[in-house]
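Visitor: Below is one structure. I have some questions about it.
The values are calculated or read from the model by the stated rules, or taken from the named source; none is laboratory data. Values in this document were obtained by computation on a predicted structure and should not be read as measured data. When we count neighbours, we look across all protein chains shown, and the Cβ atoms used for this are built from the backbone with ideal geometry, even at glycine. Surface accessibility is based on the protein's heavy atoms, side chains included, excluding ligands, DNA and RNA. Shrake-Rupley method; radii C 1.70, N 1.55, O 1.52, S 1.80 Å.
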Amino acid sequence: MSKKNIAVVLGGDSGEYEISVKSGQVVAQALDKQKYNVYPIVIRGREWYYKPTPKERINVDKNDFTITVAGEKIAFHCVFNAIHGTPGEDGKLQGYFDMLNIPYTSCNHEVSALTFHKGFCNMLVRALKIDDLNVSDSVLLTSDEFIEKDDIIKKIGLPCFVKPVRSGSSVGVSKVKKAEDFPVAIEAAFEVCDEVMVERFVKGRELTCAVTVVKGAVKAFSVAEIVSKKEFFDLEAKYDSRLNQEIIPAPISETLTKRIQENSMTLFRHLRCKGIVRFDYIVTVQDEIYFLEVNTVPGMTAESIVPKMMQAENISASELYGMLIEDRKTVKP
């Protein structure tokens with residue numbers, strides 16, 4: 001049987017560029033070379049290219065997403081999406097592949113765009129009215145509107161979180177404890193995105209659960225607890241093992257574990273997710289579960305949570321990534 005050509009797209013145009021490059025490199029190295037011809041494709045702005053050697057660079061033909069290597073035109077059976085942030089997590093790249101009828105390993109363009117916008121995603125999850133799931137109060141702001149700090153603080157309270165609505169890895173996110181720090185946090189968030197969400201702080205433990213499809217059935221994996229040594233699980237804490245502790249499985253009751261897994265699988269189905277997706281929560285001392293966000297292109301670096309979850313399930317990286325590719329219908333280039 002001939003091997004399939006797999007493009008691993010990495011990079012992107014967000015503050016998560018370097019993380020995405022690492023994720024893509026891990027995926028490319030782990031994929032079974034007996035089954036796949038693997039081509040890491042860097043995407044950044046208008047520059048899309050494959051580097052077979054450090055000194056060689058082959059541009060992608062964007063008309064059909066192909067490359068030409070040694071005179072041979074290479075088309076792809078499937079794309080492994082490892083781009084965090086834009087354009088790989090917000091639906092832009094997915095729309096492009098949909099138009100070319102090339103399968104890919106992540107959610108489609110509609111789901112990606114909706115879930116990447118934290119404010120819209122919260123609205124949808126709240127509207128689903130899942131019995132065992134809460135969503136914290138929030139206010140959406142745009143850069144061209146007048147911001148009345150006192151009104152927002154009165155409604156949301158302190159402490160609160162200020163977040164760009166379209167960003168990942170906590171880029172531009174601030175925890176605000178004092179009213180005088182609110183304008184600085186808003187300014188920092190608007191540097192990342194033209195829309196900002198101010199969200200009520202919920203005190204509790206941060207738990208996360210990954211979900212995918214295994215042999216046609218939706219499956220939730222081990223629940224993990226994230227313990228940050230910083231004020232919250234920010235960008236630095238996420239990728240510096242000295243600043244966080246990820247406990248897998250989370251030291252919680254079997255009942256709570258099952259509740260989180262059931263909520264995660266319910267969200268996966270209702271949001272029409274594909275590939276492997278990670279759902280983040282805050283759980284209060286009363287065991288109330290609050291939805292935080294969904295990560296439709298979770299990190300795959302050595303420091304990332306999902307690969308550690310897979311290890312806890314005795315699933316190898318090669319097996320996981322191959323499973324994500326085989327779950328998608330490949331095409332004949």
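Visitor: Give the relative contact order (percent, whole number) for the chain; include only Cα pairs under 8 Å separated by 6+ residues. Present the calculation step by step, with values, prior to reporting the outcome.
Guide: On the way: 697 pairs, mean separation 63.1, N = 333.
Reported as a whole number, the value is 19 percent.
Visitor: Sticking with this one: Quote the charge dipole size of the chain about the Cα centre in Debye, to the nearest 20; the model charges only the Cβ of Lys and Arg (+1) and of Asp and Glu (-1). Don't jump to the answer; show the numbers that get you there.
Guide: On the way: 43 positive and 46 negative charges, 234 e Å.
I would put it at about 1120 debye.
Visitor: Still on this model: For MET323, what accessible area in Å² do you get when you roll a 1.4 Å probe over the heavy atoms of the protein chains, rounding to the nearest 10?
Guide: Surface open to solvent at MET323 totals about 40 Å².
Visitor: Still on this structure, please answer the following. Return the long-range amide H neighbours of SER304 (sequence gap of 5 or more, or a different chain), with a cut-off of under 5 Å between placed amide H atoms.
Guide: The list, which skips near neighbours in sequence, is empty: none.
Visitor: Kindly write out, for the range 38-53 in residue order, the coupling ³J(HN,Hα) from the Karplus curve 6.51 cos²θ - 1.76 cosθ + 1.60 (θ = phi - 60°), rounded to whole Hz, with x marking Gly and Pro.
Guide: Running phi through 6.51 cos²θ - 1.76 cosθ + 1.60 with θ = phi - 60° gives 9, 10, x, 10, 7, 10, 8, x, 7, 8, 10, 7, 10, 10, x, 9 Hz.
Visitor: Which listed residue (GLY15, CYS273, CYS78) has the Cα farthest towards the positive end of the charge dipole for the chain, taking +1 on Lys and Arg C-beta and -1 on Asp and Glu C-beta about the Cα centre?
Guide: Of the listed residues, the answer is CYS78.
Visitor: Report the per residue volume, in Å³, of the convex hull enclosing the C-alpha atoms of the chain. Intermediate results must be reported in sequence, preceding the final value.
Guide: Numbers: hull volume 48.3 nm³, N = 333.
It is 145 Å³ per residue.
Visitor: While we're on this one: Please go through the range 74-130 and write out the trypsin sites (Lys or Arg not before Pro) that DSSP classes as loop and that have at most 16 other C-beta atoms within 10 Å.
Guide: Of the trypsin sites (Lys or Arg not before Pro), the ones in loops of the range 74-130 whose Cβ has at most 16 other Cβ atoms within 10 Å are LYS129.
Visitor: Under 25 °C and 0.890 mPa s, how fast does the range 45-124 diffuse according to Stokes-Einstein, given a Kirkwood radius computed over C-alpha pairs? Answer in µm²/s, whole number.
Guide: Numbers: Rh = 14.0 Å.
Translational D for this selection: 175 µm²/s.
Visitor: Can I ask one more? Take every DSSP beta bridge whose two residues both sit in the chain, then give the antiparallel share in percent to the nearest 5. Intermediate results must be reported in sequence, preceding the final value.
Guide: Values: 48 of 63 bridges.
Of those bridges, close to 75 percent are antiparallel.
Visitor: Between ALA188 and LYS73, what is the FRET efficiency for a Förster distance of 56 Å, r being their Cβ-Cβ separation, to the nearest 0.05? Walk me through the numbers before you get to the answer.
Guide: On the way: r = 46 Å, r/R0 = 0.82.
Efficiency at R0 = 56 Å is approximately 0.75.
Visitor: Quick one: of LYS3/LYS55; LYS62/LYS175; LYS118/LYS308, which pairs are farther than 31 Å apart, Cα to Cα?
Guide: Numbers: LYS3/LYS55 27 Å; LYS62/LYS175 41 Å; LYS118/LYS308 25 Å.
Those over the limit are LYS62/LYS175.
Visitor: Suppose only helical runs count, i.e. DSSP H with n ≥ 4. What mean residue ellipticity at 222 nm does that imply for the chain under -39500 (n - 2.57) per run, divided by all residues and rounded to the nearest 500 deg cm²/dmol?
Guide: Numbers: 10 runs with 99 residues, N = 333.
Rounded to the nearest 500, the figure is -8500 deg cm²/dmol.
Visitor: What is the Å³ per residue value for the convex hull set by the Cα atoms of the range 1-99?
Guide: Values: hull volume 10.3 nm³, N = 99.
Hull volume normalised by residue count: 104 Å³.
Visitor: To continue, here is another question. How large a share of the accessible area of the chain, in percent, is made up of carbon and sulfur atoms when the probe is 1.4 Å and the other protein chains stay in place? Intermediate results must be reported in sequence, preceding the final value.
Guide: Numbers: 7830 of 15900 Å².
The C+S portion of the solvent-accessible surface of the chain is 49 percent.
Visitor: Accessible area per residue, 1.4 Å probe, Å², for the range 59-113: what's the number? Can you show the working numbers first?
Guide: Working: 2160 Å² over 55 residues.
Per residue, the range 59-113 has an accessible area of 39 Å².
Visitor: Okay, moving on. Given a Förster distance of 41 angstrom, what is the FRET efficiency for ASP150 paired with ASN59, based on the Cβ-Cβ distance and rounded to 0.05?
Guide: 0.20
Visitor: Ok, one more. Between SER106 and residues 5 or more places away or on another chain, which pairs have amide H atoms under 5 Å apart, with H built 1.01 Å from N, and which residues are they?
Guide: Residues meeting the amide H criterion: ASN81.
Visitor: About its Cα centre, how strong a charge dipole does the range 1-78 have in debye, to the nearest 20, once Lys and Arg get +1 and Asp and Glu get -1 at the Cβ?
Guide: Dipole about the Cα centre, nearest 20: 220 debye.
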